[in-house]
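These notes concern the structure reproduced below.
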Amino acid sequence: GAGVSQSPSNKVTEKGKDVELRCDPISGHTALYWYRQSLGQGLEFLIYFQGNSAPDKSGLPSDRFSAERTGGSVSTLTIQRTQQEDSAVYLCASSLARGRQRGGGTNTGELFFGEGSRLTVL
Amino acid sequence: AQSVTQPDIHITVSEGASLELRCNYSYGATPYLFWYVQSPGQGLQLLLKYFSGDTLVQGIKGFEAEFKRSQSSFNLRKPSVHWSDAAEYFCAVAPLRGYNKLIFGAGTRLAVHP
């Protein structure tokens, strides 16, 4: 597809179960981001991947949260032992790297967001 | 600490009226600035961005924003609102160096009366 694809679009789980959320970025985008959108909390940064560099995990709220990006493309966000406060919409975004591009010009690294995965923990 | 403030949680305007959504930021240096829109059930879409140069930035859907360094503001404007503009609007900042690690405001929900 042309845009960022996320699955599942909706997930309902029981407290204590593990969940996996998937993100398929735009082809050719080297950067991938996960954000969480909670009621009353706004959008918060979770993790950032860029190529083969070590990810920036500074936004992960606890060690129950982890993410990986296989082959520099698809990413999976895993939440272990889910809690009710994990209920939120998890947004994935991808972008080209910011900076000068081959052939001239500068890329501003605009983020393109998916429609999100809504997680409800009962 | 770096932060973005959108003082208005909810705004209602009549169709055809002008619109201004406020955004103030607190940052160590002038950051990159963005406005995103989120329509019901859809992902975030970039309306416009400021990186450098002219402080009045034009975006999609007839929106514009003005960067005012002295006020640390980046307010979004539209001269005439359409019913389809009803959505949630987010202001965001990113550091000049590194990557677009966006810090978002809490959002302003816009309702449009016919």
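Pairs of lysines 8 or more apart, or on different chains, with alpha carbons under 22 Å: count those in the protein assembly as shown, would you? Don't skip to the answer; put the middle values down first.
On the way: A:Lys57/B:Lys101; B:Lys49/B:Lys61; B:Lys49/B:Lys68; B:Lys49/B:Lys78; B:Lys49/B:Lys101; B:Lys61/B:Lys78; B:Lys68/B:Lys78; B:Lys68/B:Lys101.
For the protein assembly as shown, the number of qualifying lysine pairs is 8.
Anyone know which of A:Gly72, A:Gly51, A:Gly28 comes out most mobile in the 10 Å Cα GNM of chain A?
Comparing A:Gly72, A:Gly51, A:Gly28 in a Gaussian network model of chain A, the most mobile one is A:Gly28.
How large is the direction-averaged shadow of the alpha-carbon convex hull of chain A, in nm²?
Details: hull surface 31.0 nm².
Computed as one quarter of the Cα hull surface, the answer is 7.8 nm².
Averaged across the residues of A:49-56, what count of C-beta atoms belonging to other chains lies within 10 Å of each residue's C-beta?
Going residue by residue through A:49-56 and averaging, the value is 1.
Translational D (Stokes-Einstein, µm²/s) of the protein assembly as shown at 4 °C and 1.567 mPa s when Rh comes from the Kirkwood sum over C-alpha pairs?
Estimated via Stokes-Einstein, D reaches 70 µm²/s.
How large is the translational diffusion coefficient of the range B:75-114 in µm² per second when you combine the Kirkwood radius over alpha carbon pairs with Stokes-Einstein at 4 °C and 1.567 mPa s?
Stokes-Einstein gives a translational diffusion coefficient of 107 µm²/s.
Just checking the output field for A:108-117: average partner chain Cβ neighbours within 10 Å of each residue's Cβ? Before the final figure, lay out each step's value.
Numbers: counts 6, 7, 4, 10, 4, 7, 2, 5, 5, 0.
Mean inter-chain Cβ contacts per residue within 10 Å come to 5.
Packing-wise, with mean Cβ within 10 Å as the measure, how do A:82-88, A:19-25, B:7-13, B:61-67 rank, highest first?
So the order, starting with the most tightly packed, is A:19-25, B:61-67, A:82-88, B:7-13.
Return the average number of partner chain Cβ atoms within 10 angstrom of each residue Cβ along peptide A:28-38.
1
What do you get for Rg/Rh of the range A:53-99 when both radii come from the Cα atoms and Rh is the Kirkwood radius?
Computed over Cα atoms, the ratio is 0.99.
For the range A:24-102 and the range B:29-98, what is the separation of their C-alpha centers, rounded to whole Å?
When both Cα centres are located, 22 Å separates them.
In percent, what relative contact order does chain A have, based on Cα pairs under 8 Å that are 6 or more apart in sequence?
Numbers: 294 pairs, mean separation 43.6, N = 122.
Once normalised by length, the contact order is 36 percent.
Given Cα positions, please report Rg to Rh for chain B, the hydrodynamic radius being the Kirkwood one.
Ratio value, two decimals: 0.95.
Read-outs: derived from the displayed coordinates by stated rules, not from any lab. None of the values given here were measured: they were computed from a predicted structure. Virtual Cβ from ideal backbone geometry, glycine too; neighbours counted across all protein chains shown.
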